[in-house]
Each structure stands twice: as structure tokens, then as C-alpha cells.
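Below is one structure, written out as C-alpha cells; comments come after it.
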Amino acid sequence: MKDYEIVNKRDLASNVVEYNIYAPYISKHCLAGQFIILRVDAEGERVPFTICDYSRENGTVCILVQTIGYSTLKLSKMQIGDALHDVVGPLGNPTDLSKYESVLLVGGGIGLAVIYPQAKQLKAEGKKVDVAIGARNISLLMYVDEFKQSSDNLYLITDDGSNGKKGFVTDVIKELVDGGKKYDAVFAVGPLPMMRAVCNLTKEYNIETIVSMNSIMVDGTGMCGCCRLSVGGKTKYACIDGPEFDGHQVDWDEAIARGKVYKEEEQEHLCNLRREYGEDK
Ligand SMILES: Cc1cc2nc3c(=O)[nH]c(=O)nc-3n(C[C@H](O)[C@H](O)[C@H](O)COP(=O)(O)OP(=O)(O)OC[C@H]3O[C@@H](n4cnc5c(N)ncnc54)[C@H](O)[C@@H]3O)c2cc1C
Ligand code: FES
């Protein structure tokens, strides 16, 4: 097997693909909460993805990728047997779950790539773990069977009510806590506005809330400064200080504004690539 070979590829939902990649060094050392940075080809951008699962035995890591732009579209064209140009990792700090006995994991969209290994770990350690996953509609709900096996209670929420409860993840958190559920912490991972909404709510309930920040990254080693954030009034780097932070301390306005900085260039690159692939009709 070649290093960084795609050993399995599976469509999970519209525009979301699961890849298993042969990367024995990374699979041997990685833990929940960590990520890799890959390049599709020699000219490729460095693109970060959470390690959603791994097999130390097979030497593989699993990532879930939402095809949204230039590099993820290029990646989606790769097939089983193709090899990525390079993959570095494991990067970032592993999740520290040691001080919690009862946790609510909240995943929005592709954010479930982060909470899945956390759920597995909590379940394996015999701790209480409830999971709430939210998506825009039924076609975007993923890993439902996997989460059923790795949680005590699983709550599904869709914006349009096409599966599970209609509404937003914040509605479910409110219902659970108002109904008497006690959690030592909430882990919320998903789009920035969703994480901010969860943090605003849990602040009212005084429940510690950890978020995983998907800031724009380049080197992943703390040198380029791209992924900087303000947390509790201090500058932090998501790649080396995080990616997990106390969500009640994050400056969300700044993080959301920084995430949009390259929107025009990203759109232009994507349009050019679509044209190259003949997908611009
Ligand atoms: C620690 C971390 C873990 C992540 N885990 C996952 C995951 O498991 N699955 C997944 O689908 N996505 C994940 N992402 C986001 C993923 O990196 C971006 O979707 C990807 O870089 C988009 O690249 P693109 O060229 O296809 O799209 P582009 O058109 O370049 O960008 C689309 C959007 O993706 C984000 N983005 C672009 N470049 C980067 C970059 N270098 N670093 C971070 N974000 C970027 C921006 O918000 C941008 O607006 C993660 C990001 C971080 C920082
Ligand atoms: S990605 Fe460069 S400092 Fe974090």
C-alpha cells in the first residue's frame, strides 16, 4: 500500500464524502479532537480535516469531507487507489474528556466528524453521553447508526422537520436542560453561527461549553498566524492552542469576519475549476 493512498471512499450525504486514508504513522498516534492537513497534489493548498476515526491495526485514518470549494472538489475526483500528495498530522491538541462524567455532544453538519470520536471515547469509558445532531434536512443527516451505538440518547434535529425534531440544536438543548438533564459540559461543533448560538444559550444555564474552531489554516504549526482568534481577550492560534476552546470566551464576531476574508478569491478559484471539469453549466 502507498502512503496516503485512499483505501476507501463512500458518499455519506449530498456533497459529503467519507475517505479512509492509509497513513500508518498518524493512525498510530492520533486521538479524538486532532486533525490532519493534506495536499491533493504538489501545487495544492494545505487543507485541514478532523480525524473522525482511525484504525491503528490497518494504519488508516478516516475523514468526512464536505465538498464546498476548490480543494475539496479536487479531492472529490480522487478514487480508491489514488494517493494524496502529502498528509501531516496528527495536529492540534487531543480533547480532554477526563474531568467530565456526563456530557452533551452537539454536532451541526460536518461538525459531527469531531464529536464522533468523542462519543466513542466517552462510551468506552462508561460515562454518560447524550448526542444531538442537527442538519438542514434528512439528506444531510449522517452517521446515525454509528451515533446510536456510541451514545445513551441520540436526538436528531432538522431545520425542516424531514427527520427527527423540527428546529435547531438549541431548541433540543433547552428542552433537555429545562426537563432536568444535568451535564458537566456541552461540546458543540459545527458552523460558527451555530456554535455561537449554543454558547449564548449555555452561558445562560452556566454550563461549560467547549467548541472546536475551524479557522482558516495554512501551516498548522503556529508560524503563519492565519488561524488566530481572540479567546478571553488573548490571541490564540487554533492549530497549536486548540482547536478546542472555552466557547464562552471566544470573540465570535471576529472569528466569523476572519472566516469570510477570502470569499471572493475562493469563489473565483472554484468557478475556474468547475469550468475545467466542464461542470459550469
Ligand atoms: C481544524 C479544522 C478541522 C476541519 N475539519 C473538517 C472536516 O472534518 N470536514 C470538512 O469538510 N471540513 C473541515 N474543515 C474545513 C475545511 O478545511 C474547509 O472546508 C476546506 O479548507 C475548504 O477548502 P476548499 O478549497 O474546498 O474551499 P474554499 O472555497 O477554499 O473555502 C471554503 C470555505 O472553507 C474554509 N476554508 C478555506 N480554506 C481553509 C483552510 N485552509 N483552513 C480552514 N478552513 C478553510 C473557509 O471558511 C472558506 O470560506 C476543518 C477546518 C479546520 C481548521
Ligand atoms: S495555521 Fe498557521 S498559525 Fe495556525
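We did not get these values from a lab; they are worked out from the coordinates using the rules stated. This one's a predicted model, so the numbers in the text were calculated from it and none came from an experiment. For neighbour counting, all protein chains shown are included, and Cβ atoms are generated from backbone atoms with ideal geometry for every residue, glycine included.
Before moving on, here are some points about what is shown:
- Computed [θ] at 222 nm, helices only, for the chain once each DSSP H run of length n ≥ 4 contributes -39500 (n - 2.57): -8500 deg cm²/dmol
- Spin-label pair residue 165/residue 149, simplified geometry with 7 Å Cα→Cβ offset, distance in nm: 2.6
- Sequence-distant lysines (8 or more away, or on other chains) whose Cα lies within less than 25 Å of residue 263: 74, 77, 236, 281
- Under a Gaussian network description of the chain, with springs only between Cα atoms under 10 Å, the residue in 142, 194, 223 that fluctuates furthest is 223.
- Approximate spin-label separation residue 31-residue 125, in nm, with each point projected 7 Å along Cα-to-Cβ: 0.9
- Formal net charge of residues neighbouring residue 80 (Cβ-Cβ distance under 14 Å; K, R +1; D, E -1): 0
- Projecting label points 7 angstrom from Cα along Cα→Cβ for residue 99 and residue 14 puts them 4.3 nm apart.
- From the largest down, the range 79-210 spans 50, 36, 27 angstrom on the principal axes of its Cα atoms.
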